[in-house]
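**Q** One structure coming up, written as structure tokens, with questions to follow.
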Amino acid sequence: MADLLNIGLSGLAASKNSLTVTGHNIANVSTPGFSRQETQNATRLPQFSGAGYVGSGVSTANIRRIASELLVSQLRSATSLDSQLANYRSQIEQIDSLLANSQTGITPGLQKFFSAVQVAAEDPGSVAGRQLLLSEAQGLAKRFNTVYEQLDKQNSFVNQQLVAVTDKVNRFAESIAQYNDAIALAKANGKEPNDLLDAREEVMRQLSELVGINAVEQDDGAMNIFVGSGQPLVVGTTAAKLSATPSREDPSKFNVNFISGSSTQDVTSLLTGSGGEIGGLLQFRAEVLDETYNSLGRLSIAIADRVNDQLGQGIDLRGQPGAELFRSVNDPLAARLRVLAQPANTGTGQLDLTITDSSQLTLSDYEFEVTATGYTVRRLSDQSAVSSGALPAIPGSITFDGVSLNLQSGTFNVGDQFTLQPTRRGATDIARQLDQADQLAFAGPGKGEATITNSGNGTLGPVKLTSGPSPIVISQLTGATGFFGAGGISLTFDAGTNQLTLAGSGSGAGFVPGGATTAITPGQTNTLTVSDGTYTFEFTLSGVPQTADTFRLNFNANGVSNNLNGLELVGLQSKATIGVDPLAPNTTGASFTDGYGDLVERVGTLTSQARINNEASQIILKQAADNRDSLSAVNLDEEAANLVQFQQYYQAAAQLIQVARSTFDTLIGTFR
């Protein structure tokens, strides 16, 4: 009877274990990362009798965790991808809304500014029109400043998030290392610590939300975690760290460093777009934020530079060259802030960066490095060397891509590096500085008129300055040695030869091309150019002049009713002034409006693609979670059925014990 009793007891124990495991599953139905478990039973060793081997019952051989490493690995990867794309989308949608919004975007400000230029140019003597232009210039500059401030806030948020997320990564890495230690100890008895494995897997899943990871299991059950290009974040029971600190190239941006022992490695480029929240933030900064900074900066620099330059080629109501409407793009402070010395430099060199041609500015930052043979300037967007050679004598300069790098003073040692940012701060540096409306130079510096005694009907068109310094120098245009000379330049027509002869004491006494005489066609509009190499003026002669008819070109001394320069300002709105290729200046480049439109379109396209990608990643994540849950998640209906089943097993085993007892009692009773 003892064997029958033991068999019943073994059945009770096995059924009890099955009921306990089922209850454990039910209790953890909503525990994140929990994998359902099941008991695996095995028969006990049978006993030999004369009739053969008689079974001795059942025992619980193992409690198995229902999980697939392939499915959980797919879930980690899908989680990492979705987190990256969700964070990228969240950030870029803010930029898209900022740039495209009519209240915060640049386009409305540009339109109002050039509308005010048009109004002022149509009536250059109107003080109200000039005041309106000053007001709209202030508004345009403030729009740039406001957008820059918002970009700066977003950059600060990215920095703060990188600090917060790397701290979380470090806590999770330390937790995984501790789980590795506990799991290795628990597995020493030959059995799997199921709940510890689930807990570690959940921490790994949470870690994958923060950074892309690769996991490799050791023989002792410990899980090694790698990030980036294979940097070991967790190896066995040892955890390395990530940290977010100001970049040595640009302290306004935080880079991510991998710290293992006393070794520190910058892994920013390795983690960019590699998954998780860190990958999404770094990808957003590299693809969108930095380029938006530079694109807006280039646009604001181009506007300030070209408007100031054009005003400098005109005459104001005081009879003086036009003053700058916006703060100079080569303001000394702005020029210095475009150069960032790296902390490891050993020299004392001082540099600044000035704009030489705003139309040739790119969207890239640069790196200036002192080498053993001289220097190298590298464009960071494509890592190409744009200038190299022997280091110039100090003070000296290096020109490239529309800028001049000016070596001012100090010493430059081999290995010294400087980050050059020609356009990054442009949108915050722009400001209206002119506050006197009568200093707006709408008049052109040249004028032309026909002699009233002429017998023909020849007419001179406006005398436009097509090239010259900005601001113009009045002494170079007036006086005996000036362009127009003391009495101006006279033009005399000869109907017999259809020749126009130029005469005067000034430096501008010569047609281009042709010297002092040039042929014209009476009855047509003839475009003529006069130049002395420094100043070039263009005008037209139309109608039919007669022999001895004369015309005169002269300096526009007051310029009150002249709006030639104002019209040139209006023309800047549609002129290609951004991104002009010096090798093809007539076929490349974009206008102010088109330049900003290109930025809005690019960001809008990236935003749309980010939404599509994120929606797709959400589907992929759901599928991965469903696949994992279909195998590992607790199904209450199934567990309820198991409860009934194992309860019946338990009752049957109890009944077997009752039978054994009854049989034993009967057997004992026969000997009484």
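**Q** Find how much the distance from S475 to T547 grows on full extension, using 0.36 nm per residue of separation minus their present alpha carbon separation; answer in nm with one decimal.
**A** Numbers: separation 72, 0.36 × 72 = 25.92 nm, distance 3.37 nm.
Difference between extended and current length: 22.5 nm.
**Q** Helix hunt in the chain: which complete DSSP H runs extend at least 15 Å axially by C-alpha with mean Kyte-Doolittle at least 0.0?
**A** Helices meeting the span and hydropathy rule in the chain are 2-27, 107-122, 636-669.
**Q** While we're on this one: Going from the alpha-carbon gyration tensor of the range 136-176, what semi-axes, largest first and in whole Å, does one get by taking the root of 5 times each eigenvalue? Working shown, then result.
**A** Numbers: eigenvalues 312, 3, 3 Å².
Listed largest to smallest, the semi-axes of the range 136-176 are 40, 4, 4 Å.
**Q** Which of the listed residues, A304, G276, N294, is farthest toward the dipole's positive end in the range 262-306, when Lys, Arg count +1 and Asp, Glu count -1 at the beta-carbon?
**A** A304
**Q** Let's see if you can work this out: charge +1 on each Lys and Arg Cβ, -1 on each Asp and Glu Cβ, no other charges. What is the dipole magnitude of the range 1-155 about its Cα centre, in debye to the nearest 20? Before the final figure, lay out each step's value.
**A** Numbers: 12 positive and 11 negative charges, 119 e Å.
Dipole magnitude for the range 1-155 comes out near 560 debye.
**Q** Go ahead and run the numbers for FRET between E93 and A164, Cβ-Cβ distance against an R0 of 25 Å, rounding to 0.05.
**A** So the FRET efficiency works out to roughly 0.75.
**Q** Okay, moving on. Over the Cα atoms of the range 459-610, what Rg and Dmax result, in angstrom?
**A** 20.6, 73
**Q** Next question, about the same structure. If you count, for each residue, the other Cβ atoms within 10 Å and average over each peptide, how do 655-662, 322-329 line up from highest to lowest?
**A** Details: 655-662: 14.6, 322-329: 21.9.
Those peptides, ordered most packed to least, come out 322-329, 655-662.
**Q** Stokes-Einstein at 10 °C, 1.306 mPa s, Kirkwood radius from Cα pairs: D for the chain in µm² s⁻¹?
**A** Numbers: Rh = 32.1 Å.
Estimated via Stokes-Einstein, D reaches 49 µm²/s.
**Q** Quote the charge dipole size of the chain about the Cα centre in Debye, to the nearest 20; the model charges only the Cβ of Lys and Arg (+1) and of Asp and Glu (-1).
**A** Working: 43 positive and 63 negative charges, 193 e Å.
It works out to roughly 920 debye.
**Q** Roughly how many nanometres apart are two label points built 7 Å out from the Cα toward the Cβ at S262 and A13?
**A** 5.7
**Q** By how many nm would the segment from T540 to N189 lengthen if fully extended, with 0.36 nm per residue of separation less the alpha-carbon distance?
**A** Values: separation 351, 0.36 × 351 = 126.36 nm, distance 10.17 nm.
Between T540 and N189, full extension yields an extra 116.2 nm.
**Q** Further, regarding this structure: Ignoring any ligand, DNA or RNA, what whole percent of the accessible area of the range 25-132 comes from carbon and sulfur when the probe is 1.4 angstrom? Don't skip to the end; give the middle numbers.
**A** On the way: 2800 of 5310 Å².
Whole-percent figure for carbon plus sulfur exposure: 53.
**Q** Here's a follow-up. So between L391 and S56, what do we pick up on full extension, going 0.36 nm a residue minus the alpha carbon distance? Mind showing how you got there, number by number?
**A** Numbers: separation 335, 0.36 × 335 = 120.60 nm, distance 9.30 nm.
Difference between extended and current length: 111.3 nm.
**Q** At a Förster radius of 35 Å, what calculated FRET efficiency corresponds to the Cβ-Cβ distance of K575 and D435, to the nearest 0.05? Spell out each step's value before the answer.
**A** Values: r = 27 Å, r/R0 = 0.77.
Rounded to the nearest 0.05, the efficiency is 0.85.
**Q** Near K16, which lysines are there with a Cα under 29 Å away, not counting those fewer than 8 places off in the same chain?
**A** Answer for K16, where 29 Å is the Cα cut-off: K187, K191, listed by chain and number.
**Q** Which pairs break 19 Å Cα to Cα here: K153/K241; K153/K253; K112/K575; K168/K241; K447/K575?
**A** Numbers: K153/K241 27 Å; K153/K253 12 Å; K112/K575 17 Å; K168/K241 10 Å; K447/K575 24 Å.
Checking Cα-Cα distances, K153/K241; K447/K575 exceed 19 Å.
**Q** Let me ask another. Ignoring everything except DSSP H segments at least 4 long, calculate the 222 nm mean residue ellipticity for the chain; use -39,500 (n - 2.57) per segment, divide by total residues, nearest 500. List each step's numbers first, then the result.
**A** Numbers: 14 runs with 283 residues, N = 672.
Roughly -14500 deg cm²/dmol at 222 nm, from the helical runs in the chain.
**Q** Farthest toward the dipole's positive end in the chain, which of Q648, L207, L363, given Cβ charges of +1 (Lys, Arg) and -1 (Asp, Glu) about the Cα centre?
**A** Q648
**Q** Mean projection of the alpha-carbon convex hull of the range 194-290 over all orientations, in nm²? Show your work: numbers first, answer last.
**A** Details: hull surface 26.8 nm².
For the range 194-290, the mean projected area of the Cα convex hull comes to 6.7 nm².
**Q** Over the chain, with the other protein chains present, what is the accessible area per residue in square angstrom, probe 1.4 angstrom? Kindly include the intermediate steps, with their values, before the conclusion.
**A** On the way: 30400 Å² over 672 residues.
The answer is 45 Å² per residue.
**Q** Out of T536, S18, Q417, whose Cα points farthest toward the positive end of the dipole of the chain (charges: +1 Lys, Arg; -1 Asp, Glu; placed on Cβ)?
**A** Of the listed residues, the answer is S18.
**Q** Averaged over every viewing direction, what's the projected area of the C-alpha convex hull for the range 65-144? Give it in nm², one decimal, please. Spell out each step's value before the answer.
**A** Numbers: hull surface 29.0 nm².
Mean projected area for the range 65-144: 7.3 nm², to one decimal.
**Q** Within the range 67-89, list the residues whose amide N lies under 20 Å from a label point set 7 Å along Cα→Cβ of Q150.
**A** Within reach of a label on Q150: 87-89.
The values are calculated or read from the model by the stated rules, or taken from the named source; none is laboratory data. Predicted model only: the values in this text are computed from it and were never measured. Cβ sites come from the backbone with ideal geometry, for glycine too, and all protein chains shown count toward neighbours. For accessibility, only protein heavy atoms count, side chains too; no ligands or nucleic acids. Shrake-Rupley method; radii C 1.70, N 1.55, O 1.52, S 1.80 Å.
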